[in-house]
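Some notes on the structure that comes next.
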Amino acid sequence: MNKLYTLLLPVVALLLLAACGPAKDRVRIEGTLSGVNDAEFYVYSEDGAFDGIDTIRISDGKFTYERKLSAPAVLTLLYPNFTQTYIVAEPGHTVKMKGDASKIGESQITGTEQNELLSDFRTKHSNDPANMQKLAAAQFVRENANTLAAVAVFRKYFANQQNPDAAMALKLLDVLKKAQPKERAVTYVDNFFRPIFQNGLGQQLPDFTAEAVDGRKVSASSYRGKRLVIACVGSWQSDSRPMLVQLRRKLRTLGGKWQCLVVSLDVDREMMRANLQADSIQCPIICDRQAFESPLVKQLGLHYVPSLMLVDEQGRIIQRDVTKVDDAQL
């Protein structure tokens, strides 16, 4: 009898541990997905709740993931088909997920009040037209502005849209900031996305003054009445040089119809010069060696490297965050 007790004790302990949920400084995500045996997807934090990307492994349609978390956070689940789901992770709680592999983005996520809010919203509006979803999302953010669920909805329907409604997004950011002024997730989306929305499509290129690496003074007024393409690059990003080569060729075929300004996020000017000279770039190059902390980079919301911003003769931004020259309306 004592021997049997000794053998069963570890099993009982594990069952009790599972029943009690995660420790108060840890979050657990568990679930079942029909239609899949062995696969994996990823979980990460866009606002710095933790570093890196973790892998969640599915075995026989089930998975359990647990990690340390110091405070509630919005986490991103990235699936093999590249769709995303946002969840609210809270230390000491278990997030539960149930769905079908063929419709993984529509999985029901429960376990906490905020995740049930999100699941209810997804279910209610999943079949609505895109414009109706956006209006419903804006209303959700306003009504739940003091929750991380509102941050998750803002990310999905405004922050991560290719052509966001900048005016509405800025108003919703103000709502979130007022409701949660010290929340890390809100501070992050505000710092990252506000400059993008302020310099969105149809907005005027803001006034700026900078010094090019050759000593030339450059300002927004320098390009008044001209069409301008701003290339944001960095020698440390391997796609930057091919983009500049393609851009140079494209501009040559246009015969001077477009002006060009290069904003380099390099911290090593010599490396930057070597790369750009090899590409015969003749336009002004701004490189203050502050990378993403550069005042101009922050002012314009240039977060994607490489990327292009296009400005028309009236100084209006007509495209931004374009990652391929062929997609630029030159």
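The values are calculated or read from the model by the stated rules, or taken from the named source; none is laboratory data. From a predicted model like this one, the values you see are computed outputs, not experimental measurements. Ideal geometry is used to build each Cβ from the backbone, glycine not excepted, and the neighbour counts take in all protein chains shown. Heads up: the accessible areas ignore ligands, DNA and RNA and are worked out on the full protein's heavy atoms, side chains in. Shrake-Rupley method; radii C 1.70, N 1.55, O 1.52, S 1.80 Å.
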When you look at Ala23, is it farther than 19 Å from Ala149 by Cβ and crowded, with 16+ Cβ neighbours inside 10 Å, yes or no?
no
Right, Phe140: in contact with a Pro (Cβ under 6 Å, 6 or more places away or on another chain), among the aromatic types (Phe, Trp, Tyr), crowded, with 20+ Cβ neighbours inside 10 Å and under 15 Å from Lys171 (Cβ atoms) or not?
no
Any idea which of (1) closer than 18 Å to Ser294 by Cβ; (2) among the basic types (Lys, Arg); (3) over 26 Å from the mean Cα position of the chain (by Cα) is the one Arg194 doesn't satisfy?
(3)
If you take the residues in segment 265-290 that are open to solvent by less than 20 Å² (accessible area, probe 1.4 Å), at pLDDT 75 or above and farther than 13 Å from Val218 by Cβ, which one is farthest from the chain's Cα centre (by Cα)?
Asp266
Odd one out for Ser222, checked against (1) closer than 18 Å to Met309 by Cβ; (2) assigned to a loop (DSSP other than H, G, I, E, B); (3) small (Gly, Ala, Ser)
(2)
Output the residue which, of all residues in segment 87-112 that are part of a helix (DSSP H, G or I) and in contact (Cβ under 8 Å) with a residue 60 or more places away in the chain, is least open to solvent (accessible area, probe 1.4 Å).
Ile104
Can you tell me which of (1) at pLDDT 95 or above; (2) more than 30 Å from Val263 (Cα to Cα); (3) open to solvent by 30 Å² or more (accessible area, probe 1.4 Å); (4) of a type outside the set (Val, Ile, Thr) is the one Asp174 doesn't meet?
(2)
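Conditions tested, residue by residue: (1) within 20 Å of Ala210 (Cα to Cα); (2) in contact with a Ser or Thr (Cβ under 7 Å, 6 or more places away or on another chain); (3) of a type in the set (Gly, Ala, Ser).
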| site | (1), (2), (3) |
| --- | --- |
| Gln246 | no, no, no |
| Gln259 | yes, no, no |
| Asp268 | yes, no, no |
| Met272 | yes, yes, no |
| Ser294 | yes, no, yes |
| Lys298 | yes, no, no |
| Val305 | yes, yes, no |
| Thr323 | no, yes, no |
If Thr147 satisfies every condition in (1) in contact with a strand residue (DSSP E or B) (Cβ under 7 Å, 6 or more places away or on another chain); (2) closer than 18 Å to Leu69 by Cβ; (3) open to solvent by less than 50 Å² (accessible area, probe 1.4 Å) but one, which is the exception?
(1)
Within the group Ala149, Ala73, Ala137, Ala145, which residue is under 12 Å from Val27 (Cβ atoms) and of a type outside the set (Ser, Thr, Tyr)?
Ala73
